[in-house]
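Everything on this sheet refers to the single structure shown next.
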C-alpha cells in the first residue's frame, strides 16, 4: 500500500484559509487614487470609466490614470496561461506603485488584483510583498464610493425600475452585489427589482464564452429571459464583461432592454448628466 | 429483467461539446434538471439557515479532512489493522481491474450467482455490474434511483440522485415497459413496485455489495448513510458483504464523523440526518443472530494517489460526495450528468475524473466552466474547485513532454498556435506603445470590425469598439483637472 504514496510531497496538505473577516476601510478619503480602467472598459465602455473618474472627482479626490496600463491578466490566467498572465500582471504592478488606493470599475478585475495576484507571484517573495500591499489598497468602484468616500447620492431622475446583475467573481470575491444595492438604495426614485436566479452566472466566463458557446449561450439566454421578466426598464452591472455578454445577447435577440454600467447610471442620476 | 447486453448510457457522441449540444436541445431534460436543482438548492439553504454556523462547520469539515489526508498512509494502515481485528478482510486495489478481480475471487470462493448492491459510486467507477454480468453473475442495484437507471441501461446522472434526469412520467413508462406493471405516475406506487421486486432479491442474493461514506481508522468502522433501507438490507441480509471504497474515505476517529455527517446530509439533501446511518464493524459474532458471516473491504486507488501527490490537487480528495457542487452548477443544471460521459459529473467530476482516466480522455472537462465559483462557495469541505479547474487548465495546455508531469494526459489541449496567440497577447499588454497602437487602430477602424467573430456571434451581436479609448478620454480630461496622466 505505501508504494502508492511514494511520490507524494511531504506535508503537502492544505487547509482552507481562515473565514474572511469583514474588510476594514480607511477612516478618511485619500487625496488621490489610481484608476485601473481595465481592458474591456478601455475599448468598449470608456464612458463608464470616465463616469467613474467624475464620481470620484466629485468626492474631492484627484484621479491618476497611468497611461501605461492595459489588462489585469485575467484572460490568460483563467485560460491556464499562467506565465503570460504573470508577465502582464507584472507590468501593471509597476504602474500602480506607491501607497495610493487603486479603484477598479470592474469587480472581476478588482478581484484579480486583490485575490489572484498573490497566486501568480507566490514564488517571488519580494514581489509577493508588493502584491499583498496592492491587494490591501485595491477597491472595486462601488465599494470605494460606499465605504471609503461614504458617498451620499441625491437622485435627480424620473422613477425607474432597474435590475442589478453582479458578476460572479465580483459577488464572491468582492461582495459587489451588496455595495451596488446599497448605492442604488440611496436613489429615491430608483426601484431595484429582483430577477429570478439573480445570483446565477450570466455565462460569460471570459474565454468560456467562446470555448463552450452552446453552454454559454444557454446561460445568457436564461439570464436575459429572467432580466426581461423582472419588469426592469434597465439592467445595471458593475462588470463590463457581463455587460458585453448580456448586451450582445439582447441585441442579437433584437430586444430593446440594455445593460448599463453602474458608474454611468449613478453619475447620470445624481446630477452629472450629459 | 433483461440485463445481459451492455448498452452505453448515452450514445457515444464524439466529445463533451457534442453531448452538451444535444442535451441543451432537450427541453424535457432541461426542465427535469432545472426544477430538481432549484429544489435542492432551496433545501440546502433552509438546512443552513445560520450562515455563521454554516461557515464554522465548513471550516471544521475542511480541517478534519485535511488532517485525515495529512496522515493518509498511516490512517489506512490503522484502518486495516482495526478492521482485521474486527474480523473484516481488507483488500487493496490500485486499479479498477484489480478491484473487480478481488470481488470476483470472493464471489468464486462462495460459488455465488446473485449479487445485490446498495448505492456505491466506487462500484460505478469499477463498472462492477458489467464486470460481473460478463461472467454470468447477476448484480442488481437496490437503491431506487440506481435500480431505475440500471433498468434503462443508463449510467447515473447525479452522484446522490442517479435517476434525477427522469421525471415520474418517464419512470412510469419504464416500469410499464420493463416490468409489465400497470402504468402509474403515482410516486408512492412506483416505489412500492420497485420495492416488491427488490425485497425478493434481498432474500435470494448470495452477496451484498455496498459503498462506504466514512471509514473510521481508530475503531475499524465502516459508516454508510442512506434513506431507503436498501443499504442496511444489502449489508446484513446476504451471507457475505463486500464494501468497496476509495482510499481517501478514511477519517481518524468517530468524533471526526460528527461534523462531516452533518455537512454531508445538509449539503446533499437539506436534511439534518439520513433515515439510516449504518455503522458496520465486522461480521456476525458467535452470539449474534443476524448479519453477514463474512465482511470484506476493497480499498481502491484508481488515480487518487496521483491527486494526493500534489499539494494543490490533493484538496480534490477532501470530497465527501454530497453533490452540492453539481446542484449549484449552472453548467451541470443545463447539460445534465450524462454529458460528462464519466462516472462523476459536475464540478467534482471535472476535477477528479482527470486523475482517474487521464486528462487526455476528458480534455474538455477543465474548460467546461465559467469559473463562476458557485461550487466552491457551497462545498462543505471547502475544496477550491474553481482554483483546481484553473490549475487543470494549466496542466492541460502545457507541452505534453514538459518535465515533472503531475498528471496523466498532461498537455492534452496543448496547441502551438494558441500558445503563440497568448504570447502575442502578453507582448501587446506588456508594452504600452504596442497597446496604444492597438487601441488606436481598434477605435479608429471600429467600423471595419468584423460582423462575425467566431463562436461569439453565435449568441451575440458583433462587438464594436468605442470611438475613443478610455486612455484617450482620460488623458484629455485629466490634463484639465491636474491629475497625473
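Worth pointing out:
- Here is the P(r) of chain B: all C-alpha pair distances, binned every 20 Å from 0, give 21, 51, 21, 7, 1 in whole percents.
- Between the beta carbons of residue A:251 and residue B:185, assuming R0 = 56 Å, the FRET efficiency works out to 0.85 to the nearest 0.05.
- Measuring nothing but how far apart in sequence close Cα pairs (under 8 Å, 6+ apart) lie, relative to its length, chain B scores a relative contact order of 18 percent.
- For chain A, the longest principal axis of the Cα atoms and the long axis of helix A:176-185 meet at an angle of about 20 degrees.
- Mean separation of Cα contacts under 8 Å, 6 or more apart, over the residue count of segment A:129-238: relative contact order %: 33 percent
- Inter-site label distance for residue B:428 and residue B:464 at 7 Å from Cα along Cβ, in nm: 2.1 nm
- For segment B:197-270, the square roots a ≥ b ≥ c of the C-alpha gyration tensor eigenvalues yield an a/c of 1.5 or more together with a/b not exceeding b/c, which makes the shape oblate.
- If the chain linking residue B:178 and residue B:360 were pulled fully straight, counting 0.36 nm for each residue of separation and taking away their Cα-Cα distance, it would gain 61.8 nm.
- Annotation for segment A:190-243 versus segment B:388-432: alpha-carbon center distance of 29 Å.
- Segment B:70-117 - Rg and Dmax from Cα coordinates, angstrom: 13.4, 41
- Averaged over B:389-398, number of beta-carbon atoms from partner chains that fall within 10 Å: 4
- Cα centroid of segment B:222-269 to Cα centroid of segment A:102-128, whole Å: 42 Å
- Equivalent ellipsoid of segment A:32-147: semi-axes from √(5λ) of the C-alpha gyration tensor, largest first, are 23, 16, 11 Å.
- Here B:121, A:50 are placed in order of increasing Cβ neighbour count within 10 Å, fewest first, which gives B:121, A:50.
- Volume of the convex hull of the protein assembly as shown (Cα atoms only), normalised per residue: 162 Å³.
- Relative intensity of chain A on a log10 scale, I(q)/I(0) at q = 0.07, 0.10, 0.12, 0.15 Å⁻¹, equals -0.27, -0.53, -0.75, -1.14, per a Debye sum over C-alpha point scatterers of equal strength in the absence of solvent.
- Global geometry of segment B:330-485, whether rounded, prolate or oblate, following the gyration tensor of its Cα atoms and the 1.5 cut on a/c: prolate
- Computed FRET value (nearest 0.05) for residue B:444 with residue A:150, which takes r as the C-beta separation and R₀ as 45 Å: 0.65
- Modelled label positions at residue A:27 and residue A:100, each set 7 Å beyond Cα in the direction of Cβ, lie 2.5 nm from each other.
- Centroid-to-centroid, using Cα positions, segment B:52-111 and segment B:174-191 are 38 Å apart.
- Footprinting exposure proxy ranking of B:301, B:152, fewest other C-beta atoms within 10 angstrom first, gives B:152, B:301.
- Fraction in percent of alpha-carbon pairs per bin - 10 Å, segment B:396-485: 14, 24, 30, 19, 11, 2
- One way to sum up the overall shape of segment A:153-269 is the equivalent ellipsoid from its Cα gyration tensor, whose semi-axes run 24, 15, 11 Å, largest first.
- Theoretical FRET efficiency, 1/(1+(r/R0)^6), r = Cβ-Cβ of residue B:28 and residue B:192, R0 22 Å, to 0.05: 0.30
- With the simple model of a label 7 Å out from the Cα in the direction of the Cβ, residue A:258 to residue B:52 spans 4.6 nm.
- The protein assembly as shown: calculated mean residue ellipticity at 222 nm from DSSP helix runs of at least 4, using -39500 (n - 2.57): -14000 deg cm²/dmol
- Across segment B:367-485, C-alpha contacts under 8 Å between residues 6 or more apart give a mean separation that, scaled by the residue count, equals a relative contact order of 12 percent.
Values in this text are rule-based calculations from the coordinates and carry no lab data. Since we're looking at a predicted model, the values are computed, not measured. Cβ coordinates were reconstructed from backbone atoms using ideal geometry, including for glycine residues, and neighbour counts include every protein chain displayed.
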